[in-house]
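Participant: Just passing along the structure, written as structure tokens.
None of the figures in this text is laboratory data; all of them are computed from the coordinates on show. Computed from a prediction, not measured in an experiment: that's the story for all the values here. Ideal geometry is used to build each Cβ from the backbone, glycine not excepted, and the neighbour counts take in all protein chains shown.
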Amino acid sequence: MDSITLPYSLQLEVPFETAKQAIIAASTLSPDPILKPNEVSVNYKSDENKLICQFQAVSDRVIRVAVSNVIENIKTIIECIDEFDGKEDQYFN
Amino acid sequence: MTVDLDQYVKPGKGHYIALGLEGSANKLGVGVIKHNIGPLSQTNRAEVLSNIRDTYVTPPGEGFLPRDTARHHRNWVVRIIKKALIEANIKGTDIDCICFTQGPGMGAPLQSVVIAARTLAQLWNNIPLVGVNHCIGHIEMGREITGADNPVVLYVSGGNTQVIAYSKQRYRIFGETLDIAIGNCLDRFARTLKIPNEPAPGYNIEQMAKKGKHLINLPYTVKGMDMSMSGILGYIDQLANDMFGKQPKKVIDEVSGEPITPEDLCFSLQEILFSMLVEITERALAHVNSNQVLIVGGVGSNERLQEMMKLMIQDRKNGQIYATDERFCIDNGIMIAHAGLLSYRTGQTNLINDTVCTQRFRTDEVFIKWRDD
């Protein structure tokens, strides 16, 4: 996928509290295939405590839609982390 | 030989606990189920620890769209998971596996829920993930709740209409809809009449149908073991538009001379659709030589459907009908936890790259490892 260079690109960097959280975020996002692979590609990785999402697309419109979707998913991940990280041994109430 | 369901039990433990997440349509459900070791039986039942649901309800006349439904699920999923854990009174380390609906269903809602499943599984020391076929969830939960051991299954919901029978470790589809699902047909007619979607459009149609008296003529479209419903919907929609449109036209019942009401339309639509279901279910019973019918799926909570099915089954020797109430009929998380746990106990776990959801996932694709009859 890296061999094709599409004209528009954008890099999103989201800092997390720990490196483990950033790794979890990257591996949670990675499995889902992008809907139009010939128009847009996304690559997820983590660098220390940062989640890095690299977007490439055929137009700025396509990139905007893709970024917006990824941010929605990141919001769910962050909410999960906020509520549950490090709490596997406790009861909730 | 019976299937060994306890190869994967955690050392020193006498039970399993599974968390199930469902979000394939407009219901977001999270449930926690407990199985004690040993095969499930009348004396060793699965135990429902919690079963929480939140439904995305749209205004009258509107259906639920994938984008908006996904947004609803994202808004609620973490809160609902927490609520289910609180009610079940368990902690993360008690959980053996996290089960999620992998399909069939609407893409965006499914995806929004699996994100939470993946994150939670990894946060809590990589709890195994188990992908579950939504239809299998309905079937297994129905069997567990009702105690039906080998029924013909009528699976009727907003997205699916199938007559299913078990054979050689697969739930095989005997007959199904050729176009739209029965629940979709009812929901869309509810939209035409601008009937509220709260608590459910089908429920409101059912209540109106109770007041209907006149049966109007509608097409009857059984095609062998399958059925078609879009033509019926088109016909009755047209009729409703004629009656309540810009230039209202009075339609008179031929026998009594009384005017046809919206209640009569609901009544007639239900009668014709349910008769078709009864016909193909009866034929499936004859094919597989069974006398048990299990009704699952959201439309299965319709009491008129249950009644009509009962009339048919009573004429068969030792005929029995099994149905569940809305807690288990309508989409829920507990059925995903239950079917997922059965699969987990026979060795299924999904690696994270193998947790991609799919809109199309047929019932007979799943190998039923936990049954050997």
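Participant: For peptide B:344-354, compute the average count of partner chain beta-carbon atoms within 10 Å of each residue's beta-carbon.
Facilitator: The per-residue average across the peptide is 1.
Participant: Of the candidates B:Pro104, B:Pro66, B:Pro219, which one comes out as most mobile in a Gaussian network treatment of chain B with C-alpha springs shorter than 10 Å?
Facilitator: Taking springs between Cα atoms under 10 Å, the residue moving most is B:Pro219.
Participant: Can you compute the radius of gyration and Dmax for the range B:40-125, using only the Cα atoms, both in Å?
Facilitator: Cα radius of gyration and Dmax of the range B:40-125 are 15.3, 47 Å respectively.
Participant: Could I ask something else about it? Using unit Cβ charges (K, R positive; D, E negative) and no other charged atoms, how large, in debye to the nearest 20, is the dipole of the range A:8-84 about its Cα centre?
Facilitator: Dipole magnitude for the range A:8-84 comes out near 280 debye.
Participant: Beyond 31 Å, what percent of the Cα pairs of the range B:149-328 remain?
Facilitator: 17 percent
Participant: Would you compute, from DSSP H runs of 4+ residues alone, the mean residue ellipticity of the protein assembly as shown at 222 nm, taking -39500 (n - 2.57) per run and dividing by the full residue count, rounded to the nearest 500?
Facilitator: Helix-only estimate at 222 nm: -12500 deg cm²/dmol.
Participant: Whose amide H sits under 5 Å from the amide H of B:Leu49, counting only residues 5 or more places off or on another chain, with H placed in the peptide plane?
Facilitator: Here the answer is B:Val32, B:Ile33, B:Lys34, since their amide H atoms fall under 5 Å of that of B:Leu49.
Participant: Cross-link candidates for B:Lys13: which aspartates and glutamates have Cα within less than 12 Å, leaving aside residues fewer than 8 places away along the same chain?
Facilitator: Filter leaves B:Asp94, B:Asp96.
Participant: Want the number for A:Tyr91 to A:Asn43: 0.36 nm per residue separation, take away the alpha-carbon distance, what's left?
Facilitator: Going from the current span to full extension adds 13.6 nm.
Participant: Now, a different point. Could I have the simple spin-label model distance between A:Thr5 and B:Asp242, label points 7 Å from Cα toward Cβ, reported in nm to one decimal?
Facilitator: Each label point lies 7 Å from its Cα, and together they span 6.6 nm.
Participant: Related question: How many percent of DSSP beta bridges within chain B run antiparallel, rounded to 5?
Facilitator: Of the beta bridges lying entirely in chain B, close to 65 percent run antiparallel.
Participant: Then there's this: Let me check I've understood the local charge: for B:Ile368, count other residues with C-beta under 13 angstrom from its C-beta, Lys and Arg +1, Asp and Glu -1. What total comes out?
Facilitator: Neighbourhood net charge equals +2.
Participant: How do B:Val366, B:Val78 line up, fewest other C-beta atoms within 10 Å first?
Facilitator: Sorted ascending by nearby Cβ count, the order is B:Val366, B:Val78.
Participant: For the pair A:Ile34 and B:Val57, what calculated FRET efficiency results from E = 1/(1 + (r/R0)^6), where r is the Cβ-Cβ distance and R0 = 25 Å, to the nearest 0.05?
Facilitator: Result of the calculation: an efficiency of 0.20.
Participant: P(r) for chain B: what percent of alpha-carbon pairs falls in each 10 Å bin, starting at zero?
Facilitator: Values per bin, smallest distances first: 5, 24, 31, 23, 11, 4, 1, 0.
Participant: Using a 10 Å cut-off on Cβ to Cβ distances, tally the other chain neighbours for every residue of A:28-41 and report the average as a whole number.
Facilitator: Taking all residues of A:28-41 together, the mean is 3.
Participant: Related question: Under 1.5 on a/c is rounded, so check that first for the range B:104-156, then, if it is not, pick prolate when a/b is larger than b/c and oblate when it is not; a ≥ b ≥ c are the square roots of the alpha carbon gyration tensor eigenvalues.
Facilitator: Since a/c reaches 1.5 but b/c is at least a/b, the shape of the range B:104-156 is classed as oblate.
Participant: Normalized C-alpha radius of gyration of the range A:8-84, against 2.2 N^0.38 Å?
Facilitator: So the Cα radius of gyration is 1.08 times the expected 2.2 N^0.38 Å.
Participant: Counting DSSP beta bridges in the range B:149-328, what percent are antiparallel, to the nearest 5?
Facilitator: Among the beta bridges of the range B:149-328, antiparallel pairing accounts for roughly 60 percent.
Participant: Exposure proxy check: B:Leu342, B:Leu233, B:Leu277 ranked by fewest other beta carbons within 10 Å?
Facilitator: B:Leu233, B:Leu277, B:Leu342
Participant: Further question on the same structure: Let me confirm one metric for peptide B:121-128, namely the mean number of other chain beta-carbon atoms within 10 Å of its residues' beta-carbons.
Facilitator: 4
Participant: To check you understand DSSP bridge types, tell me what percent of the beta bridges within the range B:1-147 (both residues inside) are antiparallel, rounded to 5.
Facilitator: Once the DSSP bridges in the range B:1-147 are tallied, antiparallel ones form about 65 percent.
Participant: Set the Förster distance to 22 Å, then compute FRET efficiency between B:Lys250 and B:Leu215 from the Cβ-Cβ distance, nearest 0.05.
Facilitator: The calculated FRET efficiency here is 0.80.
Participant: For the protein assembly as shown, would you read off the P(r) tail past 42 Å as a percentage of all alpha carbon pairs?
Facilitator: 22 percent
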